[in-house]
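One structure is given below, encoded as structure tokens.
The values are calculated or read from the model by the stated rules, or taken from the named source; none is laboratory data. Since the structure is predicted, the reported quantities are computational estimates derived from the model, not experimental observations. Don't worry about glycine lacking a Cβ; one is built from the backbone with ideal geometry, like all the others, and counts go over all protein chains shown. The protein model used for the area step is the full one, side chains on, heavy atoms only, and it has no ligands, DNA or RNA in it. Shrake-Rupley method; radii C 1.70, N 1.55, O 1.52, S 1.80 Å.
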Amino acid sequence: MNLPLRGEPLSVGFVLLHRFTLLPFAAFVDCLRLAADEGDRSRQLRCHWTFMTSTGEQATSSCGAAISPCEPFRDPASFDYIVVIGGVQDERDRVDSTALAYLRRSADAGVPLVGLCTGVFALIQAGLMKGRRCCVSWYHHRDMIQRFPAIEPVADRLFIDDGDRLTCAGGAAGADLAAYLIERHLGKAWAMKSLHIMLLDEARTGVHPQPQPVVFGKIEDRVVRKAIALLEQHLGEMISMEVLAERVGTSRRNLERRFKETLGVSPQKFSRDLRLRYGVWLLHYTGKSITEIGERCGFADTAHFSRHFRSAFGMTPSEMRKSVGEPGGARVDPFFLHVEGRPAL
């Protein structure tokens with residue numbers, strides 16, 4: 001990857017796919033805009049940006065807001081980076097073959113590609129992520145491993161810089177990645193100018209952990225937080241405590257001690273309780289059978305799942321599902337997996 005000399009304008013091309021996610025796009029491009037000029041004048045001096053679509057027509061985001069003007073795809077060599085921003089994943093069968101061909105042409109030209117939010121799915125579909133790790137939001141992690149089992153997704157950090165491929169979880173982290181690239185090309189002062197005007201204290205690094213609101217609240221212990229993030233990514237399987245400890249860079253004994261100090265339970269019990277909570281969610285919000293849910297939650301068989309389920313919730317999975325269907329039956333909050341301090345289980 002050939003970087004422009006420090007101080008030369010930074011040129012970024014945006015590939016906006018159908019119903020692209022607006023927040024990561026806005027965070028990224030506004031960081032560029034504020035670094036490009038003095039104050040808030042928005043002239044494309046130090047940074048240049050171009051919005052492109054397959055047709056050259058305006059791009060409509062997932063919330064309905066439209067971005068215009070957009071251009072047809074330009075020569076990739078005119079950009080330092082090409083950022084692709086994907087759309088919502090309920091339209092997974094919709095493939096923009098023209099955009100994928102452009103991404104392949106850009107890769108052949110040696111232009112670094114940035115997969116922002118679900119834009120990484122487009123990079124995978126274009127065959128450009130083989131043998132590489134990619135960063136994905138915790139929210140899309142399971143969808144990715146189901147659709148692309150040969151890909152190694154990472155959902156415990158904000159972004160990954162793999163040279164000519166950069167992938168970002170999306171959301172507000174789009175500003176962090178943009179600031180990272182601005183600092184690389186223009187210097188830290190310009191990155192900090194953008195962030196301060198955006199009311200952000202500083203750029204988070206790529207390895208900064210993603211928040212996991214479906215699983216846990218603010219947990220101070222870094223090792224415990226990282227272990228929980230890994231457990232959340234593997235709800236459908238049993239991870240031995242030895243493997244978990246190794247993955248977070250500590251011993252099993254130390255991991256168990258820190259879990260008990262932080263959450264009041266062992267990591268084994270926390271893992272099992274977390275998978276049982278996930279089972280409750282699946283009972284409420286999917287039509288999967290009890291057997292399928294038990295397997296998806298990493299239990300050896302239905303009897304094993306039902307026994308632990310009754311112990312935790314005072315009823316069998318079948319009884320809970322029946323109670324949900326009764327008049328006045330209360331559904332759990334979709335985000336009830338939230339854990340903070342000592343688990344309720």
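Compactness of region 61-121, taken as the C-alpha radius of gyration over 2.2 N^0.38 Å, stands at 1.17. Here the chain is assigned +1 on the Cβ of each Lys and Arg and -1 on the Cβ of each Asp and Glu. Its dipole about the Cα centre then comes out at about 920 debye. Rounded to the nearest 10 degrees, the angle from helix 252-263 to the longest Cα principal axis of the chain is 90 degrees. What is the distance in Å between the Cα centroid of region 118-132 and that of region 275-318? Here the two parts' Cα centres lie 34 Å apart. Only protein heavy atoms count here; under a 1.4 Å probe, Trp49 has an accessible surface of about 40 Å². Calculated mean residue ellipticity, 222 nm, the chain: -13000 deg cm²/dmol, from DSSP H runs (n ≥ 4) at -39500 (n - 2.57) each, averaged per residue and rounded to 500. The order of Ile124, Ile197 by accessible area, most exposed first and with a 1.4 Å probe, is Ile197, Ile124.
The angle between the Cα long axis of helix 188-197 and the longest principal axis of the Cα atoms of the chain comes to about 70 degrees, rounded to the nearest 10. Only protein heavy atoms count here; under a 1.4 Å probe, Ser306 has an accessible surface of about 30 Å². With the charge dipole of the chain set up from +1 on Lys and Arg Cβ and -1 on Asp and Glu Cβ about the Cα centre, the Cα lying farthest toward the positive end among the listed residues His284, Ile82, Thr55 is that of His284.
Calculated FRET efficiency, Glu242 to Phe148, Cβ-Cβ distance, R0 = 45 Å: about 0.95 to the nearest 0.05. Each principal axis of the Cα cloud of the chain was taken in turn, and the coordinate range along them, longest first, works out to 64, 41, 38 Å. The orientation-averaged projection of the convex hull spanning the C-alpha atoms of region 117-198 amounts to 5.6 square nanometres.
Against the chain, whose longest principal axis comes from its Cα atoms, helix 138-147 is set at around 90 degrees. Which value, in debye to the nearest 20, describes the size of the charge dipole of region 59-206 about its Cα centre when Lys and Arg Cβ atoms bear +1, Asp and Glu Cβ atoms bear -1, and nothing else is charged? Roughly 200 debye for region 59-206. In this label model, Lys269 and Arg74 are separated by 6.0 nm, measuring between points 7 Å along each Cα→Cβ vector.
Can you give the charge dipole size of region 127-244 about its Cα centre, rounded to the nearest 20 debye, using +1 on the beta carbon of Lys and Arg and -1 on the beta carbon of Asp and Glu?
Its charge dipole is roughly 240 debye.
Among the lysines of the chain, pairs that are 8 or more positions apart or on different chains and have alpha carbons within less than 29 Å of each other number 12.
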